[in-house]
Amino acid sequence: MNKQTIAINTPFVRPDVYGSLSVPIYTNVSFEFEDAQEMADAFCNRIKAPDYARIANPTVTNFEQRVKALTGAEHVTAFNSGMAAISTALLAVSAQGKNILTSRHLFGNTLALISGTLLRFGVKPRLKDLTNLEEVEASIDEQTCCVYLEIVTNPQMEVADLKAIAEIAHKKGVPVIADSTAIPFTEMSLKDLGVDVEVVSSTKYISGGGTSLGGLIIDYGSFPKINKYVKYDLLINLGVYMTPQSAYMQTLGLETLEVRYQRQAANALWLAEHLRNVQGITRVNYVGLPDNPYYELAQRQFGKTAGAMLTIDLESKEACFRFLNNLKLIHRATNLFDSRTLAIHPASTIFGLFPLRQLEQIDVRQTTIRLSVGLEAPEDLLADIEQALG
Ligand SMILES: *Cc1c(COP(=O)(O)O)cnc(C)c1O
């Protein structure tokens, strides 16, 4: 079946007694059992039945089942934020003395998690250039617990060769974990590119309209120990499961994901093409532009679309601030893939507390504005950008 059909029609694990057509929101904490044996079996995972809402919830399970049907994954687990999914995935593979091979170009909190939080527990960061395959090969050793990367880095918009990296990592028995937040899994198969575990901030494309926080670990089953730690250790012991209210909103988001995404990606491409001719903009960075250095690799890996995130560069930080202040339609806000178009100056916000020297090292420039392109008519967005620059 087509992805759009699957997203809408994945059935409940157990049919709802009233035949409710959209998934019911189970807000209860406990689930009652017929007898002591059934209760024991549920608690010891011999049968699939929810026992306590921190561990399992039918509304969340249905959301997970839909993602599983869409991705063909072996295991899908939903979390209360993207960072909860990312930290859980990294904790599942790491241990004291291990190292994580990753890029300097990472989402701000992931960078802080890997180079700060996990370091305190003896897990060492290896921040390398993952677009350089020789460097990747040379940086994996006996203690490397995973290669971790983002499929399109933000805000540098860099794309690494997943298939080549997976080949190198697998030769050494190391799993590849990829953050696929930038382009939804309805558009491509990261499994086919060799990714072992996908992590996603479902806060972004999936929630649709910025309604709720959420995260996913999508596990293709090639390293069975990872799911064991995720589902039967970390999820429960850290208490990071998705709430049923969020699962409900994100299920609705999932049903319209493909159509929303197609429109947003088309808007982003249209806007990127037109912004190149606008005075005051010195650079447009979007991997969907044919002369972008990552264009062909991105098309090969992710299909015809390239996401709805792009950056523009202006003359100076002051010009960026003036531009943001002059916007009338586009919102000054952080989030990605909201229905509304959002603009932010990453260097002074997301990376605002990083030392200036480190910003240079990770290529976050003072002249860059990040745009997350929404569902508006693109002509209206262009007009707003032109007036804000004028
Ligand atoms: C937003 C984001 C995250 C974190 O997700 P939250 O849901 O905000 O915790 C992680 N990775 C990327 C690429 C993101 O854009």
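The values are calculated or read from the model by the stated rules, or taken from the named source; none is laboratory data. All values reported here derive from a predicted model rather than from experimental measurement. Backbone-built Cβ (ideal geometry, glycine too); neighbour counts: all protein chains shown.
If we keep just the residues of segment 184-213 that are on the phi > 0 side of the Ramachandran plot and touching a residue at least 60 places away in the same chain (Cβ under 8 Å), which is nearest to the ligand (Cβ to nearest atom)?
G210
Across segment 111-141, what is the total count of residues that are outside any helix (DSSP H, G or I) and over 15 Å from I168 (Cβ atoms)?
5
Taking the condition of a type outside the set (D, E), over 17 Å from I217 (Cα atoms), more than 12 Å from the ligand (Cβ to nearest atom) and crowded, with 23+ Cβ neighbours inside 10 Å, does L119 pass?
no
Can we say V93 is over 28 Å from R365 (Cα atoms), away from the ligand (no atom under 16 Å from the Cβ) and surrounded by 23 or more Cβ atoms within 10 Å (Cβ to Cβ)?
Yes, satisfied.
Taking helices (runs of 4 or more DSSP H) that do not extend beyond segment 292-390, which have at least 2 residues that are loosely packed, with under 14 Cβ neighbours inside 10 Å?
In segment 292-390, 317-326, 356-361, 378-389 are the helices (runs of 4 or more DSSP H) which contain 2 or more residues that are loosely packed, with under 14 Cβ neighbours inside 10 Å.
With respect to N99, is the statement that it is surrounded by fewer than 23 Cβ atoms within 10 Å (Cβ to Cβ), within 16 Å of the ligand (Cβ to nearest atom), of a type outside the set (A, V, I, L, M, F, W, C) and at pLDDT 95 or above true?
Spelling it out, it is not the case that N99 is surrounded by fewer than 23 Cβ atoms within 10 Å (Cβ to Cβ), within 16 Å of the ligand (Cβ to nearest atom), of a type outside the set (A, V, I, L, M, F, W, C) and at pLDDT 95 or above.
So that you can scan it fast, the table gives a plain yes or no per residue for (1) closer than 19 Å to I151 by Cα; (2) of a type in the set (V, I, T):
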{"site": "I218", "(1), (2)": "yes, yes"}
{"site": "P224", "(1), (2)": "no, no"}
{"site": "N237", "(1), (2)": "no, no"}
{"site": "T251", "(1), (2)": "no, yes"}
{"site": "R260", "(1), (2)": "no, no"}
{"site": "L271", "(1), (2)": "no, no"}
{"site": "Q279", "(1), (2)": "no, no"}
{"site": "L289", "(1), (2)": "yes, no"}
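Residue-wise test of (1) within 24 Å of S189 (Cα to Cα); (2) in contact with a helix residue (DSSP H, G or I) (Cβ under 9 Å, 6 or more places away or on another chain); (3) of a type in the set (F, W, Y).
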position: P58; (1), (2), (3): no, yes, no
position: V67; (1), (2), (3): yes, yes, no
position: L70; (1), (2), (3): yes, yes, no
position: M83; (1), (2), (3): yes, yes, no
position: A89; (1), (2), (3): yes, yes, no
position: K128; (1), (2), (3): no, yes, no
position: I140; (1), (2), (3): no, yes, no
position: Y148; (1), (2), (3): yes, yes, yes
position: I151; (1), (2), (3): yes, yes, no
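Can you name every residue in segment 8-62 that is under 23 Å from L216 (Cα atoms), charged (D, E, K, R) and exposed (fewer than 13 other Cβ atoms within 10 Å of the Cβ)?
R14, K48 - these are the residues of segment 8-62 that are under 23 Å from L216 (Cα atoms), charged (D, E, K, R) and exposed (fewer than 13 other Cβ atoms within 10 Å of the Cβ).
May I ask you to verify whether K317 is among the charged types (D, E, K, R), in contact (Cβ under 8 Å) with a residue 24 or more places away in the chain and farther than 30 Å from N28 by Cβ?
For K317, the condition - among the charged types (D, E, K, R), in contact (Cβ under 8 Å) with a residue 24 or more places away in the chain and farther than 30 Å from N28 by Cβ - is met.
Scan segment 235-250 and tell me whether some residue there is free of Cβ contacts under 8 Å to residues at least 12 places away in the same chain, outside the structural domain of L375 (by TED's automatic domain parsing), surrounded by fewer than 20 Cβ atoms within 10 Å (Cβ to Cβ) and away from the ligand (no atom under 14 Å from the Cβ).
yes
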